[in-house]
Amino acid sequence: MASIFAREHLARNAVLAGILLMLGGDFMFALNDAMGKWLVASFSVGQVVLVRSIGAFFVLGPMIARKPAASLFRLERPLLQVLRVIATALDTAFFYAAVVYLPLADVMSYYMAGPIYVAALSHLLLGEKVGWRRWLAILIGFCGVLVMLNPSSAALSLSSLFALVGSVSFGIAIVLGRKLRNTSDTALVTWQTIGTGLVGAAAAVGNWHAATPLDWGAMLLLGIVSCAAHLMITRALKLAPASTLAPLHYTLLLWATIFGLTFFGDVPSLRMMAGAGIIVLAGLFIFHRQKVVDTVEPADVPKGVS
């Protein structure tokens, strides 16, 4: 009896630790996004993305050093690996391109549609069964995206399209990550960082600006913060059920609103708030239905950081 109680106590502690790591990781991501918006106001998106990618290796370096070099090159499904790298690179580049002109909360609202894209793409790309209730939620979520996008000839902006394409790329990257669940997180994050850095380098050609040591430090710190946030969320998903943690991801929108208002004076419009509300409700319903019908076997759980 004592051993059962001890196991239950450890399980509860693990779930609590997972929740705290998820909340902390989301806060770090929001902080990373606010720092990025501040930096792209003075430097090109390519320059920021390139130096950010270099900064990530301050975290990745020790992790890579502990693994055999060959493990980074012996990867499952190379074509899907390349597609995932492209998707993550587009996700990052388009996000920073969007926040140049749009409020942080507006851009984050588009990214909150990620679970909706994942649910739709999982049916199309992974063959996962999606019932009519989730399809209805997906359609409602897309309506929320349209409300935010406001696709009229007078209102549709290039920045909004950047945010939309970036958020779709984000969803594709998540689906491909699930497809590549047997690849270690170290390899996945390393290659996506390299790919993002190459995209940044290409975009920075002819658009490079002189920077102070403080600016360079901020761009490097951007990579450290984003990489640490990614690892915190990865660890959280190992300690607590995804269905418990997924709704907490919407705290990103709260932090984006707070940071946007505090540091940039951005006030979300009623249209953006209405669209975001529709998306959040649709996403929460999708999480709920996924929990109801979830039948994933232990062998299908993604590998951890190693």
From 256, 246, which residue is in a helix (DSSP H, G or I) and either among the β-branched types (Val, Ile, Thr) or more than 20 Å from residue 160 (Cβ to Cβ) (or both)? 246
Considering residues that are in contact with a Ser or Thr (Cβ under 9 Å, 6 or more places away or on another chain) and without any contact (Cβ under 8 Å) to a residue 40 or more places away in the chain, the number found within the range 48-87 is 1
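Looking at the range 54-71, which of the residues that are small (Gly, Ala, Ser) and farther than 17 Å from residue 224 by Cβ is surrounded by the most Cβ atoms within 10 Å (Cβ to Cβ)?
Looking only at the range 54-71, we keep the residues that are small (Gly, Ala, Ser), and these are 55-56, 61, 65, 69-71.
Adding the requirement that they be farther than 17 Å from residue 224 by Cβ leaves 69-71.
On the way: 69: 8, 70: 7, 71: 14.
In this case the residue turns out to be 71.
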State which residue pairs qualify: first residue outside any helix (DSSP H, G or I) and inside the range 178-200, second residue at pLDDT 85 or above and crowded, with 21+ Cβ neighbours inside 10 Å in any location, beta carbons under 6 Å apart, and separation of 6 or more residues or different chains. none
Checked the range 211-240 for anything of a type in the set (D, E, K, R) and within 11 Å of residue 39 (Cβ to Cβ); matches are 215
Among the numbered criteria (1) buried (at least 18 other Cβ atoms within 10 Å of the Cβ); (2) of a type in the set (Gly, Ala, Ser); (3) within 21 Å of residue 87 (Cβ to Cβ), which one does residue 201 miss? (1)
Does the range 109-119 contain any residue that is over 16 Å from residue 222 (Cβ atoms), more than 18 Å from the chain's Cα centre (by Cα) and not small (Gly, Ala, Ser)? no
Among the residues that make up the range 3-19, is at least one of them under 18 Å from the mean Cα position of the chain (by Cα) and not basic (Lys, Arg)? yes
Kindly indicate whether residue 41 is surrounded by fewer than 24 Cβ atoms within 10 Å (Cβ to Cβ), more than 18 Å from the chain's Cα centre (by Cα) and modelled with pLDDT under 90. no
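Residues checked against (1) crowded, with 24+ Cβ neighbours inside 10 Å; (2) among the polar types (S, T, N, Q); (3) over 28 Å from residue 31 (Cβ atoms):
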residue	(1), (2), (3)
93	no, no, no
96	yes, no, no
100	no, no, no
104	yes, no, no
113	yes, no, no
124	no, no, yes
136	no, no, yes
150	no, yes, yes
159	no, yes, no
Residue 48 fails exactly one of the following numbered conditions: (1) surrounded by 24 or more Cβ atoms within 10 Å (Cβ to Cβ); (2) more than 22 Å from residue 149 (Cα to Cα); (3) within 15 Å of the chain's Cα centre (by Cα); (4) β-branched (Val, Ile, Thr). What is the number of that condition? (3)
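The values are calculated or read from the model by the stated rules, or taken from the named source; none is laboratory data. Since the structure is predicted, the reported quantities are computational estimates derived from the model, not experimental observations. We place every Cβ from the backbone using ideal geometry, glycine too, and count neighbours over all the protein chains shown.
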